Amino acid sequence: MARRNNRKQRLPQDPVETQIESLSHDGRGVARIDGKTIFIDGALAGETVKFTYSKMHSKYDEGRTVEVLTAAQDRVVPKCQHFGICGGCSLMHMAPEAQLALKQKTLSEHLDHFGHVTPQEWLAPLTGPLWGYRRKARLGVKHVIKKDRVLVGFREKGTPFLALLDRCEVLDPRVGLRLAELGEMIAKLEGYNRIAQIEVAMDDQHTALVFRNLDPLSVQDQQALIDYGQSNDLWIYLQFGGPSTVTPLWPENPQLSYAPEEGLNLEFEPSDFTQVNAGINKKMIELTMSLLDISAEDRILDLFCGLGNFTLPLAKRVTEVVGVEGDESLVRHARDNAAKNGLGNAIFELADLTKTELKDYSWAKAGFNKILLDPPRSGAFEVLHQLAALGAERLVYVSCNPATLARDAGELVNTHGYTLVSTGVMDMFPHTTHVESIALFVKK
């Protein structure tokens, strides 16, 4: 038997000139040299570039742009000084309208290839602020001896190491402009090398920073964090374990909240799931209600409902809405929010939707005429077979993963008798390849 050659293939060192044919779904330029596909970071469709190889595989290679010889019309100067180093954004060199076109193309191709479905209509993209939009983030923290600095931020592109960042242009400026400052503050603590990450959560008025401390912090370190929070109007929390261990350090009883629409207030904890882009979230809720064609007589099922982001706005307009969620903490907070907003027609139920037969629950026996789905990245495939039996003639699906939306759309259309009436993208994460989308299905 021939011995397998386990030696890594040596990468060519000299830059190579090539023509970029198209863009991949993850925003890399696609070229072909001697019949082999190469995915090139930092290149746009139609460009001529010089690149260097970064990885070589049996069926494809990878590279990085080192010089743009002929630029595409869609190319713009990235606003962030760390673009290309930080792995957080991958499309900042592309004009915003071109980013949206790429996301719609990605959604369209997924629907075609994985779902074998085509919408009757494409919705206009939902757009919002391009900079400083992000209100939720998890920042890595690492003391790097060689740099003699505590780094705070995101990983380098293509590596597990934290990037050396001074600021982030997509994070809300209340934190995005403080990355270097946070690192300097942590470096002065006794436990500077025992803080692993900072969870960021914001509402309109307040900014919460949850410091993940691997060991208990000294009284002096805790006071230093309190002083920093008081000086900069930041709420400080500590977390020594899982989400249930998040504990406020200052002030004593902080409470984050947001208004999905006027006259409605939802309280949440820093570790709760909330949408990162407040502006797009409001527009998304408005669009969802429009697509559902809400009327006062409706009885609506909201699956994967979380805190009630959609459920409670719906409850203000319909006879009854039942929100179902698998996270016990989120269900508890959703019930509290319904009570505090005086919405007794919003019912929240705890159920694992990957294992549950909805028809077995008393609240499902009366059926629903409309359904809203907002599942995680894994999609909602496990519950689709139950939805038609509930009597819903109209279904709106909010998705954070075009691949699972496409798969589920194919199942709804080709197996369960629905028509894909309309779909479109929502720019929840500008300058990234993340595709947030929405789709309307109507029973035939």
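The values are calculated or read from the model by the stated rules, or taken from the named source; none is laboratory data. This is a predicted model, so every value here is computed, not measured. Cβ atoms come from the backbone with ideal geometry, glycine included; neighbour counts cover every protein chain shown.
The table that follows gives values for the structure above.
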{"quantity": "Out of 115, 183, sole residue that is buried (at least 20 other Cβ atoms within 10 Å of the Cβ), at pLDDT 95 or above and not assigned by TED's automatic domain parsing to the domain that holds residue 229", "calculated": "115"}
{"quantity": "Answer from 72, 101 - the residue that is over 30 Å from residue 281 (Cβ atoms) and out of contact with any Phe, Trp or Tyr (no Cβ under 9 Å at 6 or more places or on another chain)", "calculated": "72"}
{"quantity": "Every residue from segment 127-154 that is out of contact with any Ser or Thr (no Cβ under 9 Å at 6 or more places or on another chain) and either among the charged types (D, E, K, R) or over 28 Å from residue 269 (Cβ atoms) (or both)", "calculated": "127, 130, 134, 138, 142, 143, 144, 145, 146, 147, 148, 149"}
{"quantity": "Unique residue being under 21 Å from residue 108 (Cα atoms), among the small types (Gly, Ala, Ser) and in contact with an Asp or Glu (Cβ under 7 Å, 6 or more places away or on another chain) when the list is 379, 417, 410", "calculated": "379"}
{"quantity": "Residue 224 being assigned to a helix (DSSP H, G or I) and in the same structural domain as residue 190 (by TED's automatic domain parsing)", "calculated": "yes"}
{"quantity": "Which numbered condition residue 230 misses (of (1) exposed (fewer than 14 other Cβ atoms within 10 Å of the Cβ); (2) modelled with pLDDT under 95)", "calculated": "(2)"}
{"quantity": "Considering residues of segment 105-155 that are part of a strand (DSSP E or B) and small (Gly, Ala, Ser) only, the residue nearest to residue 430 (Cα to Cα)", "calculated": "137"}
{"quantity": "Test: residue in segment 249-267 that is buried (at least 21 other Cβ atoms within 10 Å of the Cβ), touching a helix residue (DSSP H, G or I) at 6+ places or on another chain (Cβ under 9 Å) and assigned to a helix (DSSP H, G or I)", "calculated": "no"}
{"quantity": "Inter-residue pairs, beta-carbon under 6 Å, first part of a strand (DSSP E or B) and in segment 65-83, second buried (at least 17 other Cβ atoms within 10 Å of the Cβ) and among the aliphatic types (A, V, I, L, M), 6+ apart", "calculated": "65/40; 65/43; 65/49; 68/49; 75/44; 83/92"}
{"quantity": "Whichever residue in segment 39-65 is small (Gly, Ala, Ser) and either over 11 Å from residue 12 (Cα atoms) or in contact with a helix residue (DSSP H, G or I) (Cβ under 8 Å, 6 or more places away or on another chain) (or both) and, among such residues, is modelled with the lowest pLDDT", "calculated": "58"}
